[in-house]
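A short write-up of the structure that comes next.
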Amino acid sequence: MGRNTLVFFQDVGGLAILVKRVFLGLPSAFTRSRLTTEQMLLMGVNSLPLIALVSIFTGAVTAVQAVYQISDYVPMRYIGTAVGKAVMIELAPVLTALVVAGRVGAAIAAELGTMKDTEQIDALETLALDPVKYLVVPRFVAGFIMLPVLTIFADTIAILGGLGVSTASLHVSPHVFLNGLKDFFKMMDLTSGLLKAFVFGSIISIIGCYQGFKTTGGAEGVGRSATKAVVISSVLILISDYVVASILFG
Amino acid sequence: MIEIKEVHKSFAQNEVLRGVNLTIQKGETMVIIGRSGCGKSVLLKHIIGLLKPDQGKILVDGEDITSYNDNELNKLRKRFGMLFQASALFDSMSVDENVGLGLREHTDLPETEIKKKVTKTLKLVGLSGIEEKKPAELSGGMKKRVGLARAIAMDPEYVLYDEPTTGVDPIMADVINELIVSCRNALSITSIAVTHDIVSAHKIADRIAMLYEGKIIFIGTPEETKNTDHPVVRQFIEGSAQGPIPAL
């Protein structure tokens, strides 16, 4: 068996153990609610400006390209439908998750990696504190809750972006756009996106923490862990997106 | 009392501890000396359960801690304090939060009592008025003293010191040595320090043990250490490149 294969199975095993310990430690998120709230602020509130920027352009470009793709054979009143469904089911949850993976996943891995390298995690243990309950559980709960919240925010901003572009340059009135959005809206459009966001939020925080915990090799190792956290989270987000979509719509 | 019996530990192909035997009596200060990388910190981490030995036993007051689960280890660790080589203060917390973390997590003391206790402990290590500062705002010597305050804040029975004087100037090193001695006298704690600083070892130790090639090769009082004929110990305390210990 090659070294890479061995490392892969070690990582799968390590992640499984971490996930089990996080679930067993979930009650500590309530007893240490201050830590969880802090992480929710860092992950959620501080990500809002970047998510808003990404979302407004996502909505705008979706509207422009929808018009290009459907204008010859579908009436323009369906532009709101096309933008709404594309944003809610796919674009907002996936792009929000990828942005948060880059911004927060890397930060989690770097912070925990630095703590590992400077013996701060050992120090927590010597104070009889479980690093999983103290560091991972608040980040997991924050990711699990805040990704769906950010996704709802991204849905709203992206639809407004699509509405703005449709009205300003595609000659579709707000009334027509919103009717198109409303007439074919199904609750499943929103809930499927939110379900994906729950999964993506969990992936980002668990992978960030896992990579942080296994950091070795000083500053170089911390940088490597941050990069790995982003790459692995992004790949898992795309894979799980397909899996969830297949289960819900397949 | 802490008894280390035939402890072996390897990392990959590197056998760091090769059958360490050592007993630390209640109330004494044992200093373990040895070259950098000889396994002193590894041994210290075994005593507080951060590492598990491949073979051997570690008995704390007669109980083997190597078979303890996480809950039992956490219960044990409440009786210990540890000062880390680079202090290991939590960057994101203030000095007050660092020193008071154990008290806030493990006791039902009201916040006012915890604040008082933190201030008192900081005073014991010669610091005051820095409760709201972050570790990044402190000098190396102050970080060591805050680390020491955090280690003794829960009134532990045992305190472990990992290279307590490394990285500070000689005057601050002496201040830290004095603090270790005064904390032991004031709080009646059992202390284990690992260091390669011979001046520090002589100042704080009741007994000195030398770790060499994964084993304890010498145990004696500071006076016995000064006068020993053991060639390895002599070379080490004289800081000579010539002798049985390879310099490179």
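So, in region B:96-113, exactly how many residues are part of a helix (DSSP H, G or I) and either farther than 23 Å from A:Leu35 by Cα or within 14 Å of chain A (Cβ to nearest Cβ) (or both)? I'd like the intermediate steps shown before the answer.
Restricting attention to region B:96-113, the residues satisfying the condition of being part of a helix (DSSP H, G or I) are B:96-106, B:111-113.
So of that shortlist, the ones also either farther than 23 Å from A:Leu35 by Cα or within 14 Å of chain A (Cβ to nearest Cβ) (or both) come out as B:97-106, B:111.
Qualifying residue count, region B:96-113: 11.
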Checklist line | helices (runs of 4 or more DSSP H) wholly inside region A:119-200 containing at least 2 residues that are within 26 Å of the chain's Cα centre (by Cα) and within 15 Å of A:Leu91 (Cα to Cα) | finding: A:137-169
Next item on the list: Run down B:Ile237, B:Ile189, B:Ile217 and say which single residue is open to solvent by 50 Å² or more (accessible area, probe 1.4 Å) and not hydroxyl-bearing (Ser, Thr, Tyr).
Entry: B:Ile217
Check: Within region B:43-56, is there a residue that is assigned to a loop (DSSP other than H, G, I, E, B), within 13 Å of chain A (Cβ to nearest Cβ), open to solvent by less than 20 Å² (accessible area, probe 1.4 Å) and at positive phi?
Finding: yes
Checklist line | Answer residue from region B:81-95, given it is facing chain A (nearest Cβ under 7 Å) and either in contact with a strand residue (DSSP E or B) (Cβ under 7 Å, 6 or more places away or on another chain) or β-branched (Val, Ile, Thr) (or both) and is surrounded by the most Cβ atoms within 10 Å (Cβ to Cβ) among those | finding: B:Met82
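If we keep just the residues of region A:181-232 that are among the basic types (Lys, Arg) and open to solvent by 20 Å² or more (accessible area, probe 1.4 Å), which is nearest to A:Leu26 (Cα to Cα)? First the steps, then the outcome.
So the first thing to find is which residues in region A:181-232 are among the basic types (Lys, Arg), and the list is A:182, A:186, A:196, A:214, A:224, A:228.
Restricting the remaining residues to those that are open to solvent by 20 Å² or more (accessible area, probe 1.4 Å) gives A:182, A:186, A:214, A:224, A:228.
Working: A:Lys182: 39, A:Lys186: 33, A:Lys214: 22, A:Arg224: 29, A:Lys228: 26 Å.
Result: A:Lys214.
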Next item on the list: Sort out which residues of region A:81-109 are buried (at least 21 other Cβ atoms within 10 Å of the Cβ) and under 25 Å from A:Lys214 (Cβ atoms), and write them in order of number.
Entry: A:Ala97, A:Val100, A:Ala101, A:Val104, A:Gly105, A:Ala106, A:Ile108, A:Ala109
Checklist line | Unmet criterion (only one of (1) open to solvent by less than 30 Å² (accessible area, probe 1.4 Å); (2) in contact with a His (Cβ under 8 Å, 6 or more places away or on another chain)) for B:Met154 | finding: (1)
Note to self: When the residues of region B:125-172 are narrowed to those that are among the hydrophobic types (A, V, I, L, M, F, W, C) and farther than 20 Å from B:Met93 by Cβ, which ends up nearest to the chain's Cα centre (by Cα)?
What the structure shows: B:Leu160
Next item on the list: Hand me the list of helices (runs of 4 or more DSSP H) wholly inside region B:177-248 holding 3 or more residues that are modelled with pLDDT under 90.
Entry: B:231-238
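The values are calculated or read from the model by the stated rules, or taken from the named source; none is laboratory data. Predicted model only: the values in this text are computed from it and were never measured. Reconstructed Cβ throughout: ideal geometry from the backbone, glycine too, with neighbour counts over all protein chains shown. The area values use the complete protein model at the heavy-atom level, side chains included, leaving out ligands, DNA and RNA. Shrake-Rupley method; radii C 1.70, N 1.55, O 1.52, S 1.80 Å.
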